[in-house]
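Undergrad: Below you will find the structure I want to go over with you.
The values are calculated or read from the model by the stated rules, or taken from the named source; none is laboratory data. No experiment lies behind these values; they were computed from the predicted model shown. Every residue, glycine as well, gets a Cβ built from its backbone with ideal geometry; the counts of neighbours run over all protein chains shown.
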Amino acid sequence: MKNIKLIEVRSELGAGTRGASMGIDALKVACLNKQSDYFKRFNSTEVANLNYVLFDRNLFPYAKYIDSVLTVQKSIASMVHQTMEQGMFPLVLAGDHSNAAGTIAGIKAANPDKTLGVVWIDAHADCHSPYTTPSGNMHGMPLGIALNEDNLCCQVNNPEPETLFFWNALKKSAGRVLNLSRNTWSM
């Protein structure tokens, strides 16, 4: 599998707790401790993170830092797409679940006419939107973005127009995964 390209994403804008950005370095330290050359065997690249905005006041209570999340997600999608266009397999290393939206968007961009399957292994479906989020943390929204799903039938929040502008831009940049199946036995 020499055609793997590691894509390191240290963004933790969508997480509710800080520290997700340290996961990649923790993996590297673990590899060093095990005397593994894993990170030397593959080319890697890093997506620029905007974690410095976490020191600014959040302007979007129902989609925290969504303006910066959009920028990072577009960068992830572009890097994943380019990697696949080069005939390589993008192995995205990230700790914040919101980064999955960019990964899915990049795969879809590289395969616009194909059906994309996503296996989501998590305690939560991460299908929230600014309309339904209890916390405003974007890490609960990557599948909502990929599915272009607002979940209006479960609306509890009234997001500001500027929040919805960025939300719709995220959904548009993701392409669209057409179907959500909760019954994996029928797949």
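Undergrad: Within the stretch 33-61, track down each residue that is among the charged types (D, E, K, R) and either part of a helix (DSSP H, G or I) or more than 24 Å from residue 77 (Cα to Cα) (or both).
TA: Quick first cut of the stretch 33-61, residues among the charged types (D, E, K, R) only: 34, 37, 40-41, 46, 56-57.
Within the stretch 33-61, 34, 37, 40, 41, 56, 57 meet the criteria.
Undergrad: Suppose the filter is in contact with a Phe, Trp or Tyr (Cβ under 7 Å, 6 or more places away or on another chain), surrounded by 14 or more Cβ atoms within 10 Å (Cβ to Cβ) and of a type in the set (A, V, I, L, M, F, W, C); does residue 70 pass it?
TA: Numbers: in contact with a Phe, Trp or Tyr (Cβ under 7 Å, 6 or more places away or on another chain): yes; surrounded by 14 or more Cβ atoms within 10 Å (Cβ to Cβ): yes; of a type in the set (A, V, I, L, M, F, W, C): yes.
Judged against the criteria, residue 70 is a match.
Undergrad: Continuing with the same structure: Filter the stretch 38-60 for residues that are at pLDDT 95 or above and of a type in the set (D, E, K, R); which is nearest to residue 159 (Cα to Cα)?
TA: Across the stretch 38-60, the extreme among qualifying residues is 57.
Undergrad: Would you mention how many residues in the stretch 141-163 are part of a loop (DSSP other than H, G, I, E, B) and either touching a Gly at 6+ places or on another chain (Cβ under 6 Å) or closer than 17 Å to residue 68 by Cβ (or both)?
TA: Of the residues in the stretch 141-163, the ones part of a loop (DSSP other than H, G, I, E, B) are 141, 147-151, 155-160.
From the residues that got through so far, the ones that are either touching a Gly at 6+ places or on another chain (Cβ under 6 Å) or closer than 17 Å to residue 68 by Cβ (or both) too are 141, 159-160.
Number satisfying all stated conditions: 3.
Undergrad: So, in the stretch 102-128, of the ones that are more than 23 Å from residue 91 (Cβ to Cβ) and touching a Leu at 6+ places or on another chain (Cβ under 8 Å), which residue ends up surrounded by the most Cβ atoms within 10 Å (Cβ to Cβ)?
TA: Going through the qualifying residues, I end up with 127.
Undergrad: Any idea which of (1) within 17 Å of residue 61 (Cα to Cα); (2) of a type outside the set (S, T, N, Q); (3) in a strand (DSSP E or B) is the one residue 166 doesn't satisfy?
TA: (3)
Undergrad: What are the residues in the stretch 80-94 that are surrounded by 17 or more Cβ atoms within 10 Å (Cβ to Cβ), under 24 Å from residue 127 (Cα atoms) and in contact with a strand residue (DSSP E or B) (Cβ under 8 Å, 6 or more places away or on another chain), if any?
TA: 80, 90, 92, 93, 94
Undergrad: Restricting the stretch 1-32 to residues that are over 13 Å from the mean Cα position of the chain (by Cα) and assigned to a loop (DSSP other than H, G, I, E, B), which is modelled with the lowest pLDDT?
TA: Selected residue: 1.
Undergrad: Can you tell me which residue among 113, 67 is acidic (Asp, Glu) and assigned to a helix (DSSP H, G or I)?
TA: Details: 113 fails: assigned to a helix (DSSP H, G or I).
Just one listed residue meets the conditions, 67.
Undergrad: Filter the stretch 130-140 down to the residues that are in a loop (DSSP other than H, G, I, E, B) and out of contact with any Leu (no Cβ under 8 Å at 6 or more places or on another chain), then identify the one that is nearest to residue 19 (Cα to Cα). Walk me through it before giving the result.
TA: Residues of the stretch 130-140 that are in a loop (DSSP other than H, G, I, E, B), as a first pass: 130-137.
Still in the running and out of contact with any Leu (no Cβ under 8 Å at 6 or more places or on another chain): 132-137.
Numbers: 132: 25, 133: 21, 134: 21, 135: 18, 136: 18, 137: 15 Å.
Per the criteria, the residue is 137.
Undergrad: Exactly one condition in (1) farther than 25 Å from residue 147 by Cα; (2) surrounded by fewer than 17 Cβ atoms within 10 Å (Cβ to Cβ); (3) among the hydroxyl-bearing types (Ser, Thr, Tyr) is not met by residue 21; state its number.
TA: (2)
Undergrad: I would also like to ask the following. Just checking, does the stretch 86-98 include any residue being β-branched (Val, Ile, Thr) and either without any contact (Cβ under 8 Å) to a residue 24 or more places away in the chain or not in a helix (DSSP H, G or I) (or both)? Even if it seems obvious, please write down each step before you answer.
TA: From the stretch 86-98, those β-branched (Val, Ile, Thr) are 92; that's our starting set.
Then keep just the ones that are either without any contact (Cβ under 8 Å) to a residue 24 or more places away in the chain or not in a helix (DSSP H, G or I) (or both); that gives 92.
For the stretch 86-98, residues β-branched (Val, Ile, Thr) and either without any contact (Cβ under 8 Å) to a residue 24 or more places away in the chain or not in a helix (DSSP H, G or I) (or both): present.
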